[in-house]
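The values are calculated or read from the model by the stated rules, or taken from the named source; none is laboratory data. Being a predicted model, the structure only gives us computed values, none of them experimental. Note that each Cβ is placed from the backbone with ideal geometry, even for glycine, and that neighbours are counted across all protein chains shown.
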Amino acid sequence: MADRRGLLIILSSPSGAGKSTLTRRLRDWDPTLSFSVSATTRKPRPGETDGIDYHFMSEAAFRDDVDRGEMLEHANVFGNYYGSPRAPVEAAIGEGRDVLFDIDWQGAQQIQNSGLGQHTLSIFILPPSITELRRRLVSRGQDSDEVIARRMSKSWDEISHWAEYDYVLVNDDLDETARRLRVIVEAARLRRLQQPGLNTHVKSLQREFEDLK
């Protein structure tokens, strides 16, 4: 048995708030962290690799996996389906490895309400302002004006779910936000539920105590 159970670390935010960058920072800090590679029905973007950036699937295959219960969570975002395959996540946390999820509030709710919900750590990332959020989206240079407008219109819907998360961080300083994120993860790893060996240890303490009588 692993020394501890793995965590399902959920990071959510509106597009442009910095969760992808913070996810990379977290993995740089601890390379043992596994990243949940999402499945999606959207087409690959230039430079993306199947199985590394996403598992690219047809809509029919994706729906079949959902029907078989093979997706831990799934959602429709901007007309495409996204989801987290269940099997690799269950294997990782059973081996004591944490798994990172870069997902929206819909996926977060599904995971928190699943059988693995007690092992989740959910964190929402807020932008310092809406003006800064839009500036970041524009400066990325990845999306058309139309896509940026759609992302901005959806941002308040995302932000409105901030209170459903265990922790909320305002990303006004990337280095400081990354530091606070590490502190949260380190503390969550010490939660009682994440330490399966505690029961055995306490029983050994009880036997020692009884031997002293």
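For the stretch 92-103, the set of residues classified as part of a loop (DSSP other than H, G, I, E, B) and closer than 20 Å to Ser155 by Cα consists of Ile103 only.
Pairs meeting the criteria (first residue in the stretch 79-98 and more than 16 Å from Gly51 (Cβ to Cβ), second residue in a loop (DSSP other than H, G, I, E, B) and of a type in the set (A, V, I, L, M), beta carbons under 6 Å, at least 6 apart or on different chains) are Glu95/Ala2; Gly96/Ala2; Asp98/Leu7; Asp98/Leu33. Residue count for the stretch 12-22 under the criterion of being in a loop (DSSP other than H, G, I, E, B) and in contact with an Asp or Glu (Cβ under 9 Å, 6 or more places away or on another chain): the result is 5. Comparison of Glu59, Glu73 shows that the only residue that is exposed (fewer than 15 other Cβ atoms within 10 Å of the Cβ) and in contact with a Ser or Thr (Cβ under 6 Å, 6 or more places away or on another chain) is Glu59. If you check Val138, Val89 for being in a helix (DSSP H, G or I) and touching a Ser or Thr at 6+ places or on another chain (Cβ under 7 Å), only one passes: Val89. If you check Arg25, Arg42, Arg4 for being touching a residue at least 12 places away in the same chain (Cβ under 8 Å), part of a loop (DSSP other than H, G, I, E, B) and touching a helix residue (DSSP H, G or I) at 6+ places or on another chain (Cβ under 6 Å), only one passes: Arg4. Hey, any hits in the stretch 6-24 for a residue that's buried (at least 19 other Cβ atoms within 10 Å of the Cβ) and farther than 30 Å from Met152 by Cβ? Yes; the residues of the stretch 6-24 include at least one that is buried (at least 19 other Cβ atoms within 10 Å of the Cβ) and farther than 30 Å from Met152 by Cβ.
Annotation note: of Ile52, Ile9, the sole residue that is within 21 Å of Ala75 (Cα to Cα) and part of a strand (DSSP E or B) is Ile9. Within the stretch 58-86, if we keep just the residues that are in a strand (DSSP E or B) and aromatic (Phe, Trp, Tyr), the residue that is nearest to Thr23 (Cα to Cα) turns out to be Tyr82. No other residue among Thr131, Thr200, Thr177 is over 27 Å from Asn76 (Cα atoms) and without any contact (Cβ under 8 Å) to a residue 60 or more places away in the chain apart from Thr200. Residues that are modelled with pLDDT of 90 or more, farther than 11 Å from Ile125 by Cα and surrounded by 14 or more Cβ atoms within 10 Å (Cβ to Cβ) within the stretch 147-160 are absent altogether. Suppose the filter is within 24 Å of Pro31 (Cα to Cα), out of contact with any Ser or Thr (no Cβ under 9 Å at 6 or more places or on another chain), hydrophobic (A, V, I, L, M, F, W, C) and surrounded by fewer than 10 Cβ atoms within 10 Å (Cβ to Cβ); does Leu212 pass it? No.
Residue by residue, here is whether (1) under 27 Å from Asn113 (Cβ atoms); (2) part of a loop (DSSP other than H, G, I, E, B); (3) acidic (Asp, Glu); (4) within 26 Å of the chain's Cα centre (by Cα) holds:
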position: Ile148; (1), (2), (3), (4): no, no, no, yes
position: Asp157; (1), (2), (3), (4): yes, no, yes, yes
position: Leu169; (1), (2), (3), (4): yes, no, no, yes
position: Asn199; (1), (2), (3), (4): yes, no, no, no
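With respect to (1) loosely packed, with under 15 Cβ neighbours inside 10 Å; (2) modelled with pLDDT of 95 or more; (3) not in a helix (DSSP H, G or I), the lone exception for Gly47 is condition (2). Arg189 meets the stated requirement of being surrounded by 15 or more Cβ atoms within 10 Å (Cβ to Cβ) and either of a type in the set (D, E, K, R) or in contact with a Ser or Thr (Cβ under 8 Å, 6 or more places away or on another chain) (or both).
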